[in-house]
Amino acid sequence: MMHNHNLDVDTLIDLAIQEDNPNGDISAELCIDTNSHSTAKLIAKENGVFFGTQICTQLISKIDPTIQLTLQTKDGQAFITSETLLTLSGSTKSLLILERVLLNFLQHLCGISTITQAYVKALNNDKIQLLDTRKTRPAYRHLEKAAVLAGGGYNHRLNLSDMVLLKENHVKAFLNDHDIATFSERLQKHRQKHPHIPIEIEVETLEELEAWPLEFADYIMLDNFSIPKIKDGLEICKKRHLNAQIEVSGNITLDTIQDYRNLDIHRISIGRLTHSVKAIDLSLLILDKS
């Protein structure tokens, strides 16, 4: 069944508007005339990378389609402090209703595209893909993963239905009930039955890398391996003639990512791109009438 990601974003926007404005904006009712029109600018308070074109247009169409949007940047484009990112013109009341919801989305999503670009630049090796994870805010995943792409990163699987990824808990639970030979049989059967579904297997130790049936894996994830251990792991993979792409993961920061630059690996997955991202400081200001 095809999944409609736009439907997800649409629902999220509806919930955000309902959460912020359940029963009218009583502050605006108090002081803003119904026929008042204004122009507002979205201004960057710090450097960053923009993402949010779709959110802007969808929010406006929900709140007040008569608001005119002029984008002065595009998704994936870097901006600097004091830069105007977009201009909005229309009903003052509508602009005030739009303000916080728009900022909540944009500050968070620009935070993701900004940190992703910082990681890509710090890694400075386009032969290694920088990937996100499933460590996303519930219901935000499609937007957060799109923001990672805008920052120059790549998407890992979108959900549990996308690909086989056997993590530590899967393997532990399986080996509690079965032996390693049965593990090999299950993998082989799955590969024959579903040849186009990628298989990734996470390993925690060099011993697992030596012993497990990894010949069925398209990707092998070295989880929380030190740099010397990754090098040892790569030797084991060569010795075993494994054709899988090698992914590393686990507590990699902006300060340490350059240590991975010259390793013969294919992918680095980083939960920090989404799970604890710092919002970019943006401000929506209504302009004085001159």
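The values are calculated or read from the model by the stated rules, or taken from the named source; none is laboratory data. All of these numbers come straight from a predicted model, not from anything done at the bench. Please note: Cβ atoms are built from the backbone with ideal geometry, for glycine as well, and neighbour counts cover all protein chains shown. Protein only, heavy atoms only, side chains kept; ligands, DNA and RNA dropped before computing areas. Shrake-Rupley method; radii C 1.70, N 1.55, O 1.52, S 1.80 Å.
A DSSP coil position with no more than 11 other Cβ atoms inside 10 Å describes the following trypsin sites (Lys or Arg not before Pro) in the stretch 106-171: LYS127. Over the chain, dividing the summed -39,500 (n - 2.57) contributions of all DSSP H runs of at least 4 residues by the number of residues returns a 222 nm mean residue ellipticity of -13000 deg cm²/dmol. Of the residues ASN155, LEU166, LEU98, the one whose Cα sits farthest toward the positive end of the charge dipole of the chain, with +1 on the Cβ of Lys and Arg and -1 on the Cβ of Asp and Glu, is ASN155. Split the accessible area of the chain by element, probe 1.4 Å, and carbon with sulfur accounts for 50%.
Counting only heavy atoms of protein chains, what accessible area per residue, in Å², does the stretch 189-256 have with a probe of 1.4 Å? Write out the running numbers ahead of the final one.
Working: 3680 Å² over 68 residues.
Computed with neighbouring chains in place, this is 54 Å² per residue.
Between LEU15 and LEU242, the simple spin-label model (points 7 angstrom out along Cα→Cβ) gives 3.8 nm. Along its first, second and third principal axes, ordered by size, the stretch 56-140 spans 48, 31, 17 Å in Cα coordinates. Which entries in LYS74/LYS231; LYS238/LYS278; LYS74/LYS127; LYS193/LYS229; LYS145/LYS239 show an alpha-carbon gap greater than 31 Å? Distance filter (> 31 Å) returns LYS74/LYS231; LYS238/LYS278; LYS193/LYS229; LYS145/LYS239. Counted over the stretch 135-290 with a bin width of 10 Å, the fraction of Cα pairs per bin, in whole percents, is 9, 33, 32, 16, 4, 3, 2, 0.
Compute log10 of I(q)/I(0) for the stretch 49-198 with the Debye formula, placing one identical point scatterer on every Cα and leaving out solvent, at q = 0.14 Å⁻¹, to two decimals. The computed values of log10 I(q)/I(0) come out as -0.81. What you get for the stretch 31-106, charging only the Cβ of Lys and Arg (+1) and of Asp and Glu (-1), is a dipole of about 60 debye around the Cα centre.
With +1 assigned to the C-beta of every Lys and Arg and -1 to the C-beta of every Asp and Glu, and no other charges, what is the dipole magnitude of the stretch 135-175 about the Cα centre in debye, to the nearest 20? Please report the intermediate quantities before stating the final value.
Numbers: 7 positive and 3 negative charges, 20 e Å.
I would put it at about 100 debye.
Rounded to the nearest 20 debye, the dipole size of the chain about its Cα centre is 460 debye, using +1 on the Cβ of Lys and Arg and -1 on the Cβ of Asp and Glu. Which of the listed residues, ALA44, THR11, ILE220, is farthest toward the dipole's positive end in the chain, when Lys, Arg count +1 and Asp, Glu count -1 at the beta-carbon? Of the options given, the answer is ILE220. Sorting HIS190, HIS156 by accessible area puts them as HIS190, HIS156; the probe is 1.4 Å, largest comes first, and only protein heavy atoms count. Bridges between two residues of the chain, per DSSP, are antiparallel at a rate of about 50%.
The length gained by stretching the chain between THR70 and ASP8 to full extension, at 0.36 nm per residue less their Cα-Cα distance, is 19.8 nm.
Which lysines have a Cα less than 21 Å from the Cα of LYS172, not counting those fewer than 8 places away in the same chain? Cross-link targets: LYS189.
Of the residues TYR154, TYR219, TYR140, the one that moves most in a GNM of the chain with alpha-carbon contacts below 10 Å is TYR140. Computed over the alpha carbons of the chain, Rg followed by Dmax gives 23.5, 78 Å. Measuring with a 1.4 angstrom probe and ignoring ligands and nucleic acids, ILE199 comes out at about 0 Å² accessible. Taking 0.36 nm per residue of separation and subtracting the Cα-Cα distance, full extension of the segment from THR57 to ASP255 would add 67.6 nm.
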